[in-house]
Amino acid sequence: MTIREAMEIVDRLMPNQYGAQDKLRWLSELDGAVYEEILRQHETDVAPFTGYAPDVDVDGTTLLIGWPYDEIYRWYLEMKICDCNGEITKYNNAAAKYGAYYQAF
């Protein structure tokens, strides 16, 4: 899944007021955690991850988690949006689904 695909999925399924810059920062946070907590600890040949710069190619950059676990990006973005909006029930739902995908990955 590319950065743009992740952003478009969440915008289509959960219309929101947050821009691409916020979503890019959140995706960078998630992939940074995945890199530090999982890939760097368990993989021997993994390229360094330093985050997504504001000028990253959103169409050509593939996120770190692939199919069948890439739905995690939708739930992470929804979780962050709900948190910023103060929507606790929706946040808890998205967080539970995000957590399940993270655990499975």
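The values are calculated or read from the model by the stated rules, or taken from the named source; none is laboratory data. Predicted model only: the values in this text are computed from it and were never measured. Cβ placement follows ideal geometry from the backbone for every residue including glycine, while neighbour counts extend to all protein chains displayed. With ligands, DNA and RNA removed, areas are computed over all heavy atoms of the protein, side chains included. Shrake-Rupley method; radii C 1.70, N 1.55, O 1.52, S 1.80 Å.
Over 13 Å from the mean Cα position of the chain (by Cα) and either surrounded by fewer than 17 Cβ atoms within 10 Å (Cβ to Cβ) or of a type in the set (Ser, Thr, Tyr) (or both): which single residue out of 8, 36 fits that description?
Just one listed residue meets the conditions, 36.
Looking at the structure I just gave you, is residue 88 more than 26 Å from residue 42 (Cα to Cα), free of Cβ contacts under 8 Å to residues at least 60 places away in the same chain and of a type in the set (A, V, I, L, M, F, W, C)?
On the way: more than 26 Å from residue 42 (Cα to Cα): yes; free of Cβ contacts under 8 Å to residues at least 60 places away in the same chain: yes; of a type in the set (A, V, I, L, M, F, W, C): yes.
The answer is yes for residue 88.
So which residues in segment 39-61 are hydrophobic (A, V, I, L, M, F, W, C), in a loop (DSSP other than H, G, I, E, B) and surrounded by 11 or more Cβ atoms within 10 Å (Cβ to Cβ), if there are any at all?
46, 49, 56, 58
Before we move on, is residue 96 hydrophobic (A, V, I, L, M, F, W, C), assigned to a helix (DSSP H, G or I) and open to solvent by 60 Å² or more (accessible area, probe 1.4 Å)?
Numbers: hydrophobic (A, V, I, L, M, F, W, C): yes; assigned to a helix (DSSP H, G or I): yes; open to solvent by 60 Å² or more (accessible area, probe 1.4 Å): yes.
It is true that residue 96 is hydrophobic (A, V, I, L, M, F, W, C), assigned to a helix (DSSP H, G or I) and open to solvent by 60 Å² or more (accessible area, probe 1.4 Å).
Of the residues 58, 10, 34, only one is among the hydrophobic types (A, V, I, L, M, F, W, C) and in contact with a strand residue (DSSP E or B) (Cβ under 9 Å, 6 or more places away or on another chain); which? Quick ask: steps written out before the conclusion?
Numbers: 10 fails: in contact with a strand residue (DSSP E or B) (Cβ under 9 Å, 6 or more places away or on another chain); 34 fails: in contact with a strand residue (DSSP E or B) (Cβ under 9 Å, 6 or more places away or on another chain).
Answer to the check: 58.
Here are some residues: 83, 22. Which one is assigned to a helix (DSSP H, G or I), more than 12 Å from the chain's Cα centre (by Cα) and of a type in the set (Asp, Glu)?
Among 83, 22, only 83 is assigned to a helix (DSSP H, G or I), more than 12 Å from the chain's Cα centre (by Cα) and of a type in the set (Asp, Glu).
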